[in-house]
Amino acid sequence: MKQKVIIIGSGPAGLTAAIYAARANLEPLVFEGIQPGGQLTITTDVENYPGFPDGILGPELMDNFRKQAQRFGAETHFKNVDKLDLKNKPFVVHVGDERYESDTIIIATGASAKLLGLDSESKLMGYGVSACATCDGFFFKDKEILVVGGGDSAMEEANYLTRFASKVTLVHRRDSFRASKIMQNRVLKNPKIEVMWNSVILDMYGEPDRGGLTGVKIQNTLNKESFKMDCDGVFIAVGHNPNSDLFSNQLDLNEKGYILTKEDTSHTSIEGVFAAGDIHDVKYKQAVTAAGSGCKAALDAEHYLENL
Ligand SMILES: Cc1cc2nc3c(=O)[nH]c(=O)nc-3n(C[C@H](O)[C@H](O)[C@H](O)COP(=O)(O)OP(=O)(O)OC[C@H]3O[C@@H](n4cnc5c(N)ncnc54)[C@H](O)[C@@H]3O)c2cc1C
């Protein structure tokens, strides 16, 4: 059976698109992918999503999104899309051996925060370890924290975090930053920031149920000596990977792999294919902006279908 709307991704963007499309009687089919609920499922307290004065846990918030979409008839599947054919209409979506056709596709596959890949890092994510200063900086008032990275986003996050933290140590694996000069200067002139050059984090210490992160093991990349350093927080700021491999040769992307959308809409370079959330957002990458763009994508898809 041909679908009217297939949504790829189940973070705030995909599930908001599902709520709107379902309430417009478009009976959307959502493929949730390998991270059902998206990136907020790997964090704890979310305090900046409007409507929750006491905050809400990330996984709980995303369960609510899903239930709200299902209540209006959205069909959600814990399945990954393996292949897409956007060249002909209807579009074809391959999920394992299954083949689906749809008049429109909403892509909401997100941009995963790059992490260090340590087991201790995933264990302590949301318990002192974070990948988003805007989201979690507020939790670190008068604390000593580390920021990992050497690009513009690491500089921006380090500077931003000095609003809260008593001290920020910027850990960088090389002896110079790759960030723009202006951003570097802001960091180097900030009295609250100390730079630890030629250094990498090898391990993180602490238990989620016993106060979270307590410190890290740092190694000097030149002499290979390692030592333990106490700290209250670690922010990983080494960039994002837009999850765009599926359609990289079919849709127009920017040089970093984010989907390009037209002006202030969710329209991509192919009519009937819409993008929402972090997969097309180079700048803001927040749950509420992703949800907002999911709404836009569903409305754009609805108008497109009306005109078919
Ligand atoms: C640790 C952490 C804490 C954060 N805390 C906050 C916070 O407190 N407040 C805030 O506003 N923001 C926070 N953010 C940012 C926020 O999570 C993102 O901006 C938001 O989740 C982006 O939503 P999205 O729907 O675009 O993508 P995502 O949430 O990244 O979801 C992408 C979805 O696409 C799916 N997918 C990918 N590929 C496929 C495929 N091939 N087939 C099917 N599905 C696929 C995935 O399974 C996933 O469901 C945090 C991020 C992180 C990493």
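In table form, for the structure just shown:
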read-out: Residue-count net charge about Met229 - beta-carbon cut-off 13 Å; Lys, Arg +1, Asp, Glu -1; value: -3
read-out: The chain: most fluctuating residue of Ser112, Ser176, Ser122 per GNM, C-alpha cutoff 10 Å; value: Ser176
read-out: Lysines with Cα under 22 Å of Lys83, excluding same-chain neighbours fewer than 8 positions away; value: Lys2, Lys4, Lys256
read-out: The stretch 115-236: Rg to Rh, with Rh as the Kirkwood radius over Cα pairs; value: 0.94
read-out: Debye, to nearest 20: dipole size of the chain, +1 on Lys, Arg Cβ, -1 on Asp, Glu Cβ; value: 700
read-out: Dipole of the chain, positive end: most advanced residue of Gly9, Leu118, Phe91 [Cβ charges, Cα centre]; value: Leu118
read-out: Cysteines having no other Cys beta carbon under 4.7 Å from their own, within the chain; value: Cys231, Cys295
read-out: With DNA, RNA and ligands ignored, accessible area of Asp300 (1.4 Å probe; Å², nearest 10); value: 30
read-out: Per-peptide average of other Cβ atoms within 10 Å, ordering 48-61, 262-275 highest first; value: 262-275, 48-61
read-out: Filter on Lys167/Lys228; Lys114/Lys181; Lys167/Lys217; Lys87/Lys283; Lys217/Lys285; Lys123/Lys285 - keep pairs with C-alpha separation over 27 Å; value: Lys87/Lys283; Lys217/Lys285
read-out: Whole-Å semi-axes of the ellipsoid equivalent to the stretch 198-308 (Cα gyration tensor, √5λ, descending); value: 42, 18, 9
read-out: Surface share of carbon and sulfur [accessible, 1.4 angstrom probe, percent] for the chain; value: 48
read-out: Alpha-carbon centroid distance for the pair the stretch 240-303 / the stretch 92-132, whole angstrom; value: 15
read-out: Spin-label model distance (nm) - Lys67 vs Leu115, 7 Å beyond Cα toward Cβ; value: 2.6
read-out: Solvent-accessible area per residue for the chain (1.4 angstrom probe, square angstrom); value: 50
read-out: Asn80/Asn185 FRET efficiency (R0 45 Å; Cβ-Cβ; nearest 0.05); value: 0.55
read-out: Helix-derived mean residue ellipticity, 222 nm - over the chain, DSSP H n ≥ 4, -39500 (n - 2.57), to 500; value: -7500 deg cm²/dmol
read-out: Alpha-carbon gyration tensor eigenvalues x 5, square-rooted, for the stretch 260-308, Å; value: 20, 12, 7
read-out: The chain: translational diffusion in µm²/s, Stokes-Einstein, Kirkwood Rh over Cα pairs, 37 °C, 0.692 mPa s; value: 160
read-out: Contour minus Cα-Cα distance for Val282 and Glu144 (0.36 nm per residue); value: 46.8 nm
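The values are calculated or read from the model by the stated rules, or taken from the named source; none is laboratory data. Model, not experiment: these values are computed from the prediction. Cβ coordinates were reconstructed from backbone atoms using ideal geometry, including for glycine residues, and neighbour counts include every protein chain displayed. For the accessible areas, the whole protein counts, side chains as well, though only heavy atoms, and no ligand, DNA or RNA atoms are used. Shrake-Rupley method; radii C 1.70, N 1.55, O 1.52, S 1.80 Å.
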